[in-house]
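Engineer: Got a structure for you, questions after.
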Amino acid sequence: MITIQGKGVSTGVALGPLYFYKRADNTVPRYEAADTDAEWARFKAAQEKAVEELGELAEKARAEAGDEAAMLFETHQMMAEDLDYEEAIEAAIKEEKANAEAAVSDTAAQFAEMFASMDDAYMQARAADVKDVSGRILNILLGVVAGGIDSDVPVVLAADDLAPSETVQLDKSKILGFVTEGGSGSSHTAILARTMGIPAIIGLGDQVKKEYEGREVIIDGGTGKIVVDADVETKAILLKKQTEQKKMREMLEQLKGKPSESIDGQKVRVYCNIGNPEDVDNVLANDGEGVGLFRSEFLYLSCDDYPTEDYQFEAYKKALQNMGGREVVIRTLDIGADKQIAYFNMPEEENPALGNRALRICLNRPEIFYTQLRALYRASVYGKLGIMFPMVTSVWEVREAKKMCERVKKDLDAEGIPYSDEVELGIMIETPAAAIMSDRLAKEVDFFSCGTNDLTQYTLACDRQNSDLGRFFNPHHPAILRLLKIAADNAHKNGIWIGICGELGADLELTEAFLSIGIDELSVSPRSVLPLRKKIREINVPLVKDKILAQLLGDETPHV
């Protein structure tokens, strides 16, 4: 039995085989083929497998969304077997002695350039198709594992850490829990684990060895303990804890349908954070009262090119419809810093966390912003929508964003496309500048939502992704709570509501403080809804408020 200690960032106990994430290496090898017949056979086998995969995707799309949705995959099937395409690859292999990967890559580039140069818009669009088809064949030739997991059974997934673009591609049904070498409590791996309601442990360094792969592990996300090949006694103790946690969840189920209201009658809306429309199922299953943060950037991360207006519209529409009239707050594109997307072609920055990111990108590249806002306003007729702008530091930024909203509405009016007149506009308070200027910013918007992960990072000058900073990254720091109180006071003075959508919202040690400073809404991972509701219902705000406020003005950090 081997025991390893890390830092738990998502509670729960899980048992299963350990599996190391298989990161894709898309580097195309190039060499002179010694056996051209063998290279041609490799291509034909990969082509056949790609056509088979596309056929399966077409049938799945037809079952879920009809014939039109299936047509894309059927078109790709035909392109994969196109005679001109195939002959070009054959010539590259047999005449130029290129290896199969190089032949496919070069042919894809040649055909894509040819399609893109045509005058016909339909033919120009085929450039993206040939890239997609060739990419699929290349991945098969390179042995790239789709989604990073090649296992027939669910696993405990080990990795150094996972980028946002990688978490989007994961097959969530195959994951029992996460263990990572690095990361932090606010890393995207940790956030994903809490959204999924599965355990996660970070900060393991090199303790989890490659030779452990395939061996049975038990992880406890509460204590940060990992046990490899547990003995009978240890296994029994941890499985008993898992059973007890299940019983606690069953007890919490009794709170479904009950108000999130303190003993003295102070109501708090308990909303959920999600990354895609499919997460709405978890929101409803856990009795979330709304969606306080829909991270729209994950739609961009899951695409190989800029998502179209219609693609985004369908996603936002689905989320709004499925929430059945409950509020859905969608954050506009928030990339940059740790969330990089290749097709945006962003220049490298020395300090990307302080660089061109989030609303700054949208204002600098208005065509991207315009497309997203059109999709959002078109979807607004299907539910109760809030639009939230991230990384605000100045009043002028908010006014520029609002001008774009007015332009979008004017254009929709001219085209006769309906939208709701009741869309709320809000901003994220995640920079000290926004908190300090919140008295003026509150006059521009309908609500504030505090992103405590970044607010902590910028206030304490601590990189949220750097696990080595440890105790220095302290979300309980009095400076954070003081900034939240400033923002809450200014919100209420101006008649708008304020929420928290950062991970701190689910921290039960701070719930009393949040109610005491007047937070109106807490948006958390779906699995945190019922524990948070239980905590709210146990608080008598007048009994704790004076003490909490005194601590905020003093040197003591509340509840730490």
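Only the coordinates and a few stated rules stand behind these numbers; no lab work does. Because the structure is predicted, anything quoted here is derived from the model rather than measured. All Cβ positions, even for glycine, are placed from backbone atoms using ideal geometry, and neighbour counts span all protein chains on display.
Engineer: Which of rounded, prolate, oblate describes segment 36-142, given a ≥ b ≥ c as roots of the alpha-carbon gyration tensor eigenvalues and a/c under 1.5 marking rounded, otherwise prolate only if a/b is larger than b/c?
Structural biologist: It comes out oblate by the Cα gyration axes.
Engineer: To continue, here is another question. What 222 nm value per residue comes from the helices of the chain, counting each DSSP H run with n ≥ 4 as -39,500 (n - 2.57) and dividing by all residues, nearest 500 deg cm²/dmol?
Structural biologist: -14500 deg cm²/dmol
Engineer: When the label point is put 7 Å from the Cα of A125 along its Cα-to-beta-carbon vector, which residues of segment 283-312 have a backbone N closer than 17 Å?
Structural biologist: Residues 304-312 qualify, since their backbone N sits under 17 Å from the label point.
Engineer: Efficiency by 1/(1 + (r/R0)^6): what FRET value for I237 and L354, r their Cβ-Cβ distance, R0 = 60 Å, to the nearest 0.05?
Structural biologist: E between I237 and L354, to the nearest 0.05, is 0.80.
Engineer: Shifting gears a bit: Going by how many other beta carbons lie within 10 Å of each one, how would you line up D546, D279, D338, fewest first?
Structural biologist: Fewest to most other Cβ atoms nearby, the residues stand as D546, D338, D279.
Engineer: Karplus couplings for segment 104-120 from phi (6.51 cos²θ - 1.76 cosθ + 1.60, θ = phi - 60°), rounded to Hz, Gly and Pro as x?
Structural biologist: 5, 4, 5, 5, 4, 4, 5, 5, 5, 5, 5, 5, 5, 7, 6, 6, 6
Engineer: Could you list C450, C362, C462, C303 in order of exposure, starting from the residue whose Cβ has the fewest other Cβ atoms within 10 Å?
Structural biologist: Listing C450, C362, C462, C303 from fewest to most nearby Cβ atoms yields C303, C462, C362, C450.
Engineer: Sticking with this structure for a sec: Please list the non-local residues whose amide H lies under 5 Å from the amide H of I175, H modeled 1.01 Å from N, same-chain partners needing a gap of 5 or more.
Structural biologist: Here V155 satisfy the definition.
Engineer: Mind giving me the FRET efficiency for W396 and K247? R0 is 45 Å, r the Cβ-Cβ distance, nearest 0.05 is fine.
Structural biologist: Working: r = 54 Å, r/R0 = 1.19.
Efficiency computed from Cβ-Cβ geometry: 0.25.
Engineer: Taking Cα atoms, how many degrees apart are the long axis of helix 232-252 and the longest axis of the chain, rounded to 10 and kept between 0 and 90?
Structural biologist: 70
Engineer: Another question, if that's okay. Compute the Kirkwood hydrodynamic radius of the chain, taking the inverse of the mean of 1/r over all pairs of distinct Cα atoms, and give it in Å to one decimal.
Structural biologist: One over the average 1/r among Cα pairs gives 25.7 Å for the chain.
Engineer: Rounded to the nearest whole Å³, what is the per residue volume of the convex hull around the Cα atoms of segment 159-297?
Structural biologist: 143
Engineer: Considering amide H positions built from the backbone, and no H for Pro or chain starts, which residues 5 or more places from M388, or on another chain, come under 5 Å of its amide H?
Structural biologist: Amide H neighbours of M388: I330, R331, T332, G426.
Engineer: Leaving out same-chain residues fewer than 8 places away, which lysines sit with a Cα under 18 Å from that of K49?
Structural biologist: Straight-distance partners of K49: K60, K131.
Engineer: Sticking with this structure for a sec: What do you get for the angle between helix 309-322 and the principal long axis of the chain? Use alpha-carbon atoms, 0 to 90 degrees, nearest ten.
Structural biologist: The angle comes out near 50 degrees.
Engineer: May I ask which of K318/K410; K225/K535; K44/K94; K317/K403; K22/K235 have a Cα-Cα span longer than 20 Å here?
Structural biologist: From K318/K410; K225/K535; K44/K94; K317/K403; K22/K235, over 20 Å: K318/K410; K225/K535; K317/K403; K22/K235.
Engineer: Non-local amide H neighbours of A158 (under 5 Å, H modeled in plane, Pro and chain starts lacking H): which ones?
Structural biologist: Y19, F20, Y21, V179
Engineer: Ok, one more. Sort C501, C272 so that the residue with the fewest other Cβ atoms within 10 Å of its own Cβ comes first and the one with the most comes last.
Structural biologist: C501, C272
Engineer: Could you derive backbone 3J(HN,Hα) for segment 202-207 from the dihedral phi with the Karplus parameters 6.51, -1.76 and 1.60 (θ = phi - 60°), listing whole Hz in sequence and x where the residue is Gly or Pro?
Structural biologist: 10, x, 8, x, 9, 6
Engineer: Can you divide the C-alpha Rg of segment 259-553 by 2.2 N^0.38 Å and report the result to two decimal places?
Structural biologist: It is 0.97.
Engineer: Note the angle between two axes, namely the Cα long axis of helix 67-80 and the longest principal axis of the Cα atoms of the chain, as a number of degrees from 0 to 90, rounded to the nearest 10.
Structural biologist: Helix 67-80 sits roughly 40 degrees off the main axis of the chain.
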